[in-house]
Amino acid sequence: MNELNLILLGPPGAGKGTQAARLRDHFDLRYIATGDLLRDHRARETDLGHRAARYMKTGRLVPDELVTAMVDEEIHDAGRGGFLLDGYPRTLAQADALDTALEASGRRLTAAILIDVPDDELVERIGGRRQCPKGHVYHVRYDPPGSEGICDHDGLALLQRDDDNPETVRKRLQVYHRETEPLVQRYTDRGLLRRIDGSLSPDEVHDRLCETLQSARLEQRA
């Protein structure tokens, strides 16, 4: 049985998407991302999808019980394999619901992984992004175009998305800290939090994640 049942935590811009894809493939995990779940249920027109759509159409948050029901279904469908949760839980109430679901399925959480990056670095990472109208992405410091402000592929002017504006990024980070720091403390108190330095290169972050999770799996078996 694959014993790795994981939660992935981290601020916007920390590289969670990159690391989630690598962890999924490396450890053969079922990847459960709440955004993907909501879109999938809507596309398949399930009962949960119809109920969630009523909230999403008006810009309201989908209630915890609907998101939890979707996650429960995915955990059940994972069978005897492990899973990686991304974007859930976001609140202490969701964490309580996850505990109940895991207990009912006879599973236990292996670790909550926090990819940690200082806010100032995240503002620089996200705020430095530039994109051309055809989708090519650059960074003014880490991956600049050959000619400043001009796409190498299309010769079009590069733009900064509204979401990448430094002021907007700091507001998003405030929301993240408000919602996530209670979860960090919760899993720290339970001895489940594994903190990874997300300011390292993607390869270094992946290597540290693998080492950490191998240790966590051995601890769980003991």
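Read the figures in this text as sums done on the coordinates, not as results from a lab. Here the structure is a predicted model, which is why all the values come from computation and not from measurement. Note that we place each Cβ from the backbone using ideal geometry, even for glycine, and neighbour counts take in every protein chain shown.
Counted by Cβ distance under 15 Å from Leu23, the other residues give a net charge of -1, where Lys and Arg count +1 and Asp and Glu count -1. As a ratio to 2.2 N^0.38 Å, the alpha-carbon radius of gyration for segment 132-178 is 1.39. Residue exposure proxy: Cys132, Cys210, ordered by other Cβ atoms within 10 angstrom of their Cβ from fewest to most, comes out as Cys210, Cys132. Rounded to the nearest 10 degrees, the angle from helix 47-56 to the longest Cα principal axis of the chain is 40 degrees.
Which whole number in µm²/s is D for the chain by Stokes-Einstein, with the Kirkwood Rh taken over Cα pairs at 10 °C and 1.306 mPa s? It comes out at roughly 83 µm²/s. Remark on Ile150: its backbone amide H falls under 5 Å from those of Leu158, a criterion applied only to residues 5 or more positions apart or on other chains, H modelled at 1.01 Å from N. For segment 78-150, the set of GluC sites (Glu not before Pro) satisfying both a DSSP loop assignment and a count of at most 14 other C-beta atoms within 10 Å is given as Glu148.
Summing Cβ point charges (Lys, Arg +1; Asp, Glu -1) relative to the Cα centre of the chain gives a dipole of roughly 400 debye. Please determine, in degrees from 0 to 90 and to the nearest 10, the orientation of helix 34-44 with respect to the longest principal axis defined by the Cα atoms of the chain, where the helix direction is its Cα long axis. Value to nearest ten degrees: 80. Based on the Kirkwood radius over alpha-carbon pairs, what is the Stokes-Einstein translational diffusion coefficient of segment 1-91 at 4 °C with 1.567 mPa s viscosity, in µm²/s? The estimated diffusion coefficient comes to 93 µm²/s. Using the empirical formula 2.2 N^0.38 Å as the baseline, the Cα radius of gyration of segment 143-222 reaches a ratio of 1.67. Each of Met56, Met70 has some number of other Cβ atoms within 10 Å of its Cβ, and from fewest to most they run Met56, Met70. In the elastic network of the chain, a GNM with C-alpha springs shorter than 10 Å, the most mobile of Tyr176, Tyr55, Tyr138 is Tyr55. What number, in percent, do you get for the relative contact order of the chain if the mean sequence gap of Cα pairs under 8 Å and at least 6 apart is divided by its residue count? 28 percent. Which of the aspartates and glutamates could a cross-linker span from Lys134 if the Cα-Cα distance has to be under 13 Å and same-chain partners fewer than 8 positions apart are dropped? Partners found: Asp152, Asp154.
Excluding Asp164 itself, calculate the net charge of residues whose Cβ lies under 13 Å from the Cβ of Asp164, where each Lys or Arg counts +1 and each Asp or Glu counts -1. Here the charged neighbours net out to +3. Looking at segment 1-107, the trypsin sites (Lys or Arg not before Pro) that sit in a DSSP loop and have at most 14 other Cβ atoms within 10 Å of their own Cβ are Lys57, Arg60, Arg80. Ranked by how many other Cβ atoms sit within 10 Å of their own Cβ, fewest first, the residues Arg125, Arg208 fall in the order Arg208, Arg125. Shape class of segment 156-203 from the Cα gyration tensor (axes a ≥ b ≥ c, square roots of the eigenvalues): oblate, since a/c reaches 1.5 or more and a/b does not exceed b/c. Net charge in the neighbourhood of Glu74 (other residues with Cβ under 15 Å of its Cβ; Lys, Arg +1, Asp, Glu -1) is 0. Between helix 16-27 and the chain there is an angle of about 50 degrees, using the helix long axis and the longest principal axis of the Cα atoms.
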